[in-house]
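For reference, the structure is listed below as structure tokens.
Please treat every number below as a calculation from the coordinates, not as lab data. Small disclaimer: the values here were computed from a predicted structure and weren't measured. Every residue, glycine as well, gets a Cβ built from its backbone with ideal geometry; the counts of neighbours run over all protein chains shown.
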There are 2 protein chains.
Amino acid sequence: MSSPSEIKNLCQKSLEAAKIGTGETEVQNGIDFYKFMFGNFPDLRVYFKGAEKFTPEDVQKSDRFKKQGQRILLACHILGNTFDDEMTFKAYARETVNRHRQFKMDPPLWKAFFAVFVAFLETKTKLDEKTKKAWDDLGEVFAKECYRHLKDCGLPTVEGETK
Amino acid sequence: MSSPSEIKNLCQKSLEAAKIGTGETEVQNGIDFYKFMFGNFPDLRVYFKGAEKFTPEDVQKSDRFKKQGQRILLACHILGNTFDDEMTFKAYARETVNRHRQFKMDPPLWKAFFAVFVAFLETKTKLDEKTKKAWDDLGEVFAKECYRHLKDCGLPTVEGETK
């Protein structure tokens, strides 16, 4: 695995293709994530109550996914940004699990998300293998902390993955 | 104002006195923040439904403030960490406002919080003037984005503060 600061830099650089903000392009980036996810991973729609049958076109018109799109990209920017500050990165992982408790997510999704996210980023920019590996490494550390925290909370987790 | 990376470094350094995590000391740091706030700024208790009359001793025994303590310190660590990444820092400010919408906070509190936080940090470590100024500068940028976002959302804001 590369060093935390190398991973941070590679992830941060790739996130330039998915900027967040209040401008039209930045808002669309967030919507585009969910259009991509709903179009390519329709099984994941089950976690979005009321939007279980949404098409990418429905996502485009939805005020909910306009907000949610910024929220998910912000989370990825925070993860990229804090990867060299293990204490903050892991606390953010635990807090993200806490906030998702109500959605009863299938535990492996905490890792699987990053494959979806990298595939989305590839719709926006060309990613080299090193950058894809950086996101995979980041996702591994994130998911491990999620699994550990789920276990600490007495919730279903991914056994054998926690160290 | 110092450069964003100088401000980041000063804030990050001071946060070493308020580490977060699952260990006893780190969990107590979060509880200590609310004990300090409830003891020294009792008027702010109104924003914590059900805990409006809590004493610092009540906070110490509360599972709610054990979690909430980590949450508030995490937010401060994220702010310190992202200050040199304006896009992420400002998006995090807007998201924090979104999450607090239900509490109908008095708008000036978005800035005033940082004086409370610095006073808390001073119970943990010695802060030089440069570090206090760094938190004040960070708080100013954070609050300005909060006020701008409140205005964009059609919510009460601090007039004359938004640029």
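The mean sequence separation of alpha-carbon pairs under 8 Å and at least six residues apart, normalised by the residue count of chain B, gives a relative contact order of 29 percent. Here the simple spin-label model places points 7 Å from the Cα toward Cβ, and for residue B:53 and residue B:67 these points are separated by 2.4 nm.
Of the residues A:146, A:17, A:102, the one whose Cα sits farthest toward the positive end of the charge dipole of the range A:4-152, with +1 on the Cβ of Lys and Arg and -1 on the Cβ of Asp and Glu, is A:102.
For chain B, the gyration tensor built on C-alpha atoms gives an oblate shape. Its axis ratio a/c (a ≥ b ≥ c) is at least 1.5, and a/b is not larger than b/c.
Near residue B:3: Cβ cut-off under 11 Å, other residues only, Lys/Arg at +1 and Asp/Glu at -1. The net charge is -2. GNM remark for chain B: springs join alpha carbons under 10 Å apart, and the peak mean-square fluctuation among B:77, B:149, B:100 falls on B:100.
Explain nothing, just the number: dipole magnitude of chain B about its Cα centre with +1 on each Lys and Arg Cβ and -1 on each Asp and Glu Cβ, in debye rounded to the nearest 20.
I would put it at about 420 debye.
Here the calculated FRET efficiency for residue A:115 and residue B:159, from their Cβ-Cβ distance with R0 = 51 Å, stands at 0.65, rounded to the nearest 0.05. Our helix-only sum for chain B, with -39,500 (n - 2.57) per DSSP H run of n ≥ 4 divided by its residues, gives a mean residue ellipticity at 222 nm of -22000 deg cm²/dmol.
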